[in-house]
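Here's the structure, in structure tokens; my notes come after.
Coordinate-derived values only; no laboratory data. Keep in mind it's a predicted model, so treat the numbers as computed, not measured. Cβ sites come from the backbone with ideal geometry, for glycine too, and all protein chains shown count toward neighbours.
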Amino acid sequence: MSQPRPAVVPLPRQEFERRRSAAERILKRDGYVLAAVSVVFGLGQLALIHWAETHLPRKPEITLEGTVFLAYIALLLVLAWRMVRKLRAARLACPHCDSTLDGLSARVAVATGKCDRCGGQVIA
């Protein structure tokens, strides 16, 4: 026999807004860090390639450029993974159907207090 589901408790409006703004701050802050790192290190790579073409023989140049590029991609992947992990931890979800409330769904929940997918009460 299955266990009965615990009672679903909607979030108070202040808590909902606090969580929503926390997720937006994570996206904004980590998005800026990811963009800045990708631009700065991308330009640094271009400078390294230019330097390596003029100062190194062909085989060591290719090895150096490939190694630096792989390290650059690994760094970007780690930063993106961290951002996604933080966003998942801070995500808002409907207590009834567990669907993610972001973007338009979050705005509908703020306006109506209900989930736009199942119609369940999200905000008390």
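Based on alpha-carbon positions alone, could you give the equivalent ellipsoid semi-axes of segment 13-91 from the gyration tensor, as √(5λ), descending, whole Å?
Details: eigenvalues 306, 25, 3 Å².
Its equivalent ellipsoid spans semi-axes of 39, 11, 4 Å.
Treat the count of other C-beta atoms within 10 Å as a stand-in for reagent exposure and order VAL40, VAL108 from fewest to most.
Least to most surrounded, the residues fall as VAL40, VAL108.
Between the alpha-carbon centers of segment 93-124 and segment 1-79, tell me the distance in whole angstrom.
One Cα centre to the other: 29 Å.
So if I place +1 on the C-beta of Lys and Arg and -1 on the C-beta of Asp and Glu, and nothing else carries charge, what would the dipole magnitude of the chain be about its Cα centre? I want it in debye, nearest 20.
520 debye
Report, in deg cm²/dmol and to the nearest 500, the calculated mean residue ellipticity at 222 nm for the chain, where each DSSP H run with n ≥ 4 adds -39500 (n - 2.57) and the sum is divided by the residue count.
Working: 3 runs with 85 residues, N = 124.
The helix contribution divided over the chain gives -24500 deg cm²/dmol.
As I understand it, the dipole of the chain uses +1 on the Cβ of Lys and Arg and -1 on the Cβ of Asp and Glu, about the Cα centre. Which of HIS50, ILE123, ILE62 lies farthest toward its positive end?
My answer, from the dipole projection, is ILE123.
When we measure straight from the Cα of LYS28, which aspartates and glutamates land under 17 angstrom away, once same-chain ones fewer than 8 places off are left out?
List returned: GLU17, ASP102.
Using a basic spin-label model with each label point 7 Å from the Cα along Cα→Cβ, how many nm lie between ALA36 and LEU56?
Once both label points are built, they end up 2.8 nm from each other.
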